[in-house]
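To keep things clear, I will list the structure first and then write my remarks on it.
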Amino acid sequence: ITQIGNGGWPDNNPILAGFTLEEDPASSPPPPHPVSTAIEVGSFSSAADLDFVGTFLYAVNVGGGAATVGDASFTSDTDTAGITVTAQNHIASWGGRNDFGDDDGLEDVLQSIRWTAYAGPVIITLSDLAVGTEYKLQVLSSEKCCTRGWDIYVGDGDDLAAGDELIMENFSSQ
């Protein structure tokens, strides 16, 4: 998964606070296709607006520590086997803490970020995924300063020019 600025925003630096990945419990084995086109983008005001129910292969607090939100037990990106997050920068306390009432775990996950200056990417590398299995990825970010946007790609991670698929153009966490 690669997030990279596209030059179309006042701030093109991609940021990432956390993510979850689970086998999609609602899917049957998919026909051959590179990436699903079933993309949903939305804002949230509590953990109830997101999906934290199920069995998560990964629940990662990017730049932060352990936290729990629903069934998702988040671990640090630096201490989670099978994932690598590549970014130039880390901010442990990103622009003040969000207030989601009693959703302290979600507040913990959105507290820190990793980011890269434009035109570099933030890259999430996931191992131990099974070819032919449909997964549900939930990317978490919370904008706290800027009018910012970027593109999101999924693929083999070797080279964006060599076939990674654009799944979300002009994503913004605002």
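The values are calculated or read from the model by the stated rules, or taken from the named source; none is laboratory data. Just so you know, these numbers come straight off a predicted model, no measurement behind them. Because the Cβ atoms are built from the backbone with ideal geometry, glycine has one as well, and the counts that use them run over all protein chains shown. These accessible areas exclude ligands, DNA and RNA; they are computed on the full protein's heavy atoms, side chains included. Shrake-Rupley method; radii C 1.70, N 1.55, O 1.52, S 1.80 Å.
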Of all accessible heavy-atom area on the stretch 109-153, the percent that carbon and sulfur account for (1.4 Å)
54
For Gly65, the net charge from surrounding residues (Cβ-Cβ under 15 Å; K, R +1; D, E -1) works out to -3
Within the stretch 99-119, find all residues whose amide N lies under 17 Å from a label point positioned 7 Å from the Cα of Ser45 along Cα-to-beta-carbon.
99-104, 107
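What does the net charge come to around Asp51 if you take all other residues with beta carbon closer than 11 Å to its beta carbon, with K and R at +1 and D and E at -1?
On the way: positive: Lys136; negative: Glu22, Asp24, Glu40, Asp49, Asp71.
With Lys, Arg at +1 and Asp, Glu at -1, the neighbours total -4.
Between His90 and Cys146, 0.36 nm times their residue separation minus their Cα-Cα distance comes to what?
Values: separation 56, 0.36 × 56 = 20.16 nm, distance 1.67 nm.
Between His90 and Cys146, full extension yields 18.5 nm more.
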Return the calculated 222 nm mean residue ellipticity for the chain, to the nearest 500 deg cm²/dmol, obtained by summing -39500 (n - 2.57) across DSSP H runs with n ≥ 4 and dividing by the residue count.
-1000 deg cm²/dmol
Along the stretch 79-92, Karplus-curve 3J(HN,Hα) (6.51, -1.76, 1.60; θ = phi - 60°) to the nearest Hz, with x for Gly and Pro, reads 10, 10, 5, x, 10, 9, 10, 10, 7, 6, 9, 9, 10, 6
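Might you tell me the accessible area per residue for the chain, computed with a 1.4 Å probe and given in Å²? Numbers along the way, then the final one.
Values: 8850 Å² over 174 residues.
Averaged over the residues of the chain, the accessible area is 51 Å².
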At R0 = 22 Å, how high is the FRET efficiency between Ala130 and Thr78 if r is their beta carbon distance? Nearest 0.05 is fine.
0.30
Candidates Leu126, Leu106, Leu140: whichever shows maximal mean-square fluctuation once the chain is modelled as a Gaussian network with Cα springs under 10 Å:
Leu126
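Let a ≥ b ≥ c be the square roots of the eigenvalues of the Cα gyration tensor of the stretch 45-174; is it rounded (a/c under 1.5), or, if not, prolate (a/b larger than b/c) or oblate? Spell out each step's value before the answer.
Numbers: a/c = 1.62, a/b = 1.20, b/c = 1.35.
Oblate is the answer for the stretch 45-174, as a/c is 1.5 or above yet b/c matches or exceeds a/b.
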Taking only protein heavy atoms and a 1.4 Å probe, the highest-to-lowest accessible-area order of Ile167, Ile15 is Ile167, Ile15
